[in-house]
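Colleague: I have a structure here, written as structure tokens, and I will follow up with some questions on it.
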Ligand code: F0G
């Protein structure tokens, strides 16, 4: 049986690596595109979920990280650095381990989900908590890269987007075409830019006849694209996208406008409701930021703006297990406790 070889080997002819380059992999990519009948019924379209939480470190970042880390390795680098709201640092820590490099991560103090912190710790990254937000962390990381012998592996590194564009190839390969609409959360704006690059390349190569409209969703308290300018105090329960000055600004605006798409905002409550709906009605547990695209689809549907019967792909970016604190804080956790007794068990279950 064929074993998935990772995104760099699987899509090698579409990526800027030489035949002699070493390609790392932890088995990233090849994630499922899952039909979501519960959502399809609700919005009157054909909705599919790209489940990026099934990547090795539990988020889409692994696609870009394997690429950036392979590039750094082939260039002879021995140390990498990144700023992160948590997932990039988890991925960087894992792939630096695979590459035999040291890794330092700059994180906004107190704003990282516990699971993501644990990942950086167990993979042995040097953890630095900055008394500022993600945007402050990225500024420091960029300057460290400019002034010291360390490679920056944030999405301003072009190899990150090269790797992440493979998700658009996978969606297209699974559907046999581009979706009519592709929806995803937007934070630092690398991923929407990468998907658009992937869709454009498949279109130019004649693999896809058409291009999707790109719909991006920010959290209302951290929505610089909706404001039309960077904002200084981003705030949202979806800590992964708590970003006020996205690095890939121009690329994301191009993706939005050239695709005939949109970048809009959803409230924290809409995000948490969409997270619950995905878990309880579809069967997929995602972290809060990852539900922003689903929240956006439901919002467009309420406004009557979802084209009937459209083929829609939604990327859910990260695994729910990364941030169980937020998920559980919404719920009643009072346990049902019984003695060791069959009748009591039957009664408690309601049989
Ligand atoms: N969803 C999740 C779960 C994320 O972690 C991120 C970004 C995004 C969506 C937004 O993607 O930045 O390409 O627009 N997380 C980065 C990090 C910032 O440091 O892990 P984007």
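The values are calculated or read from the model by the stated rules, or taken from the named source; none is laboratory data. A quick note: this is a predicted structure, and the numbers were derived from the prediction, not measured. Neighbour counts are summed over all protein chains in view; Cβ atoms, including those assigned to glycine, are modelled from backbone coordinates with ideal geometry.
Colleague: Which residue out of 104, 93, 146 is more than 9 Å from the ligand (Cβ to nearest atom) and out of contact with any strand residue (DSSP E or B) (no Cβ under 8 Å at 6 or more places or on another chain)?
Modeller: Of 104, 93, 146, the one residue that is more than 9 Å from the ligand (Cβ to nearest atom) and out of contact with any strand residue (DSSP E or B) (no Cβ under 8 Å at 6 or more places or on another chain) is 146.
Colleague: Out of all the residues in the range 172-194, which are surrounded by fewer than 24 Cβ atoms within 10 Å (Cβ to Cβ) and either under 13 Å from residue 156 (Cβ atoms) or within 13 Å of the ligand (Cβ to nearest atom) (or both)?
Modeller: Those that are surrounded by fewer than 24 Cβ atoms within 10 Å (Cβ to Cβ) and either under 13 Å from residue 156 (Cβ atoms) or within 13 Å of the ligand (Cβ to nearest atom) (or both): none in the range 172-194.
Colleague: Going by the structure shown, is residue 305 under 16 Å from residue 269 (Cα atoms), more than 12 Å from the ligand (Cβ to nearest atom) and modelled with pLDDT of 95 or more? Spell out how you get there, then give the answer.
Modeller: Working: under 16 Å from residue 269 (Cα atoms): no; more than 12 Å from the ligand (Cβ to nearest atom): yes; modelled with pLDDT of 95 or more: yes.
No.
Colleague: Can you name every residue in the range 172-204 that is in contact (Cβ under 8 Å) with a residue 60 or more places away in the chain and out of contact with any helix residue (DSSP H, G or I) (no Cβ under 8 Å at 6 or more places or on another chain)?
Modeller: If the condition is that a residue be in contact (Cβ under 8 Å) with a residue 60 or more places away in the chain and out of contact with any helix residue (DSSP H, G or I) (no Cβ under 8 Å at 6 or more places or on another chain), then 174, 175, 177, 180, 181 are the ones that fit.
Colleague: Residue 158 fails exactly one of the following numbered conditions: (1) within 18 Å of the chain's Cα centre (by Cα); (2) within 13 Å of the ligand (Cβ to nearest atom). What is the number of that condition?
Modeller: (2)
Colleague: Of the residues 344, 308, 295, which is over 18 Å from the mean Cα position of the chain (by Cα) and in contact (Cβ under 8 Å) with a residue 24 or more places away in the chain?
Modeller: Residue meeting the stated conditions: 308.
Colleague: Specify the residue that is farthest from the ligand (Cβ to nearest atom); the eligible residues are those in the range 78-90 that are more than 18 Å from residue 26 (Cα to Cα) and buried (at least 19 other Cβ atoms within 10 Å of the Cβ).
Modeller: 81
Colleague: Collect the residues in the range 310-345 that are exposed (fewer than 11 other Cβ atoms within 10 Å of the Cβ) and over 30 Å from residue 62 (Cβ atoms), keeping them in residue-number order.
Modeller: 332, 333, 334, 335, 336, 337, 339, 340, 341, 342, 343
Colleague: Among the residues in the range 256-263, are any under 17 Å from the mean Cα position of the chain (by Cα) and within 11 Å of the ligand (Cβ to nearest atom)? It would help to see each step written out before you state the result.
Modeller: Of all residues in the range 256-263, those under 17 Å from the mean Cα position of the chain (by Cα) come to 263.
From what is left, the residues that are within 11 Å of the ligand (Cβ to nearest atom) are 263.
Yes.
One line per residue, one yes/no per condition, for (1) at pLDDT 95 or above; (2) under 21 Å from the mean Cα position of the chain (by Cα); (3) within 12 Å of the ligand (Cβ to nearest atom):
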site: 48; (1), (2), (3): yes, yes, no
site: 53; (1), (2), (3): yes, yes, yes
site: 126; (1), (2), (3): yes, no, no
site: 137; (1), (2), (3): yes, yes, yes
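Colleague: With the checklist (1) surrounded by fewer than 17 Cβ atoms within 10 Å (Cβ to Cβ); (2) within 11 Å of the ligand (Cβ to nearest atom) in hand, flag the one item residue 110 doesn't pass.
Modeller: (2)
Colleague: Continuing with the same structure: Cβ-Cβ under 7 Å, sequence separation 6+ or interchain: first residue in the range 239-264 and in contact (Cβ under 8 Å) with a residue 24 or more places away in the chain and over 19 Å from residue 289 (Cβ atoms), partner outside any loop (DSSP other than H, G, I, E, B) and within 9 Å of the ligand (Cβ to nearest atom). Which pairs?
Modeller: Once the first residue is in contact (Cβ under 8 Å) with a residue 24 or more places away in the chain and over 19 Å from residue 289 (Cβ atoms) and sits in the range 239-264, its partners that are outside any loop (DSSP other than H, G, I, E, B) and within 9 Å of the ligand (Cβ to nearest atom) give 251/193.
Colleague: With the requirement that a residue be within 15 Å of the ligand (Cβ to nearest atom), surrounded by fewer than 24 Cβ atoms within 10 Å (Cβ to Cβ) and not in a loop (DSSP other than H, G, I, E, B), what does the range 266-298 give you?
Modeller: Of everything in the range 266-298, those that are within 15 Å of the ligand (Cβ to nearest atom), surrounded by fewer than 24 Cβ atoms within 10 Å (Cβ to Cβ) and not in a loop (DSSP other than H, G, I, E, B) turn out to be 268, 272.
Colleague: From 87, 74, grab the single residue that is over 21 Å from residue 316 (Cα atoms) and at pLDDT 95 or above. Don't jump to the end; show me each part of the working.
Modeller: Details: 87 fails: over 21 Å from residue 316 (Cα atoms).
The match here is 74.
Colleague: In addition: Kindly evaluate residue 350 against the criterion of being out of contact with any helix residue (DSSP H, G or I) (no Cβ under 9 Å at 6 or more places or on another chain), away from the ligand (no atom under 16 Å from the Cβ) and touching a residue at least 24 places away in the same chain (Cβ under 8 Å).
Modeller: Taking the combined requirement at face value, the residue does not satisfy it.
Colleague: Are any of the residues in the range 199-220 assigned to a helix (DSSP H, G or I) and either assigned by TED's automatic domain parsing to the domain that holds residue 112 or surrounded by 24 or more Cβ atoms within 10 Å (Cβ to Cβ) (or both)?
Modeller: yes
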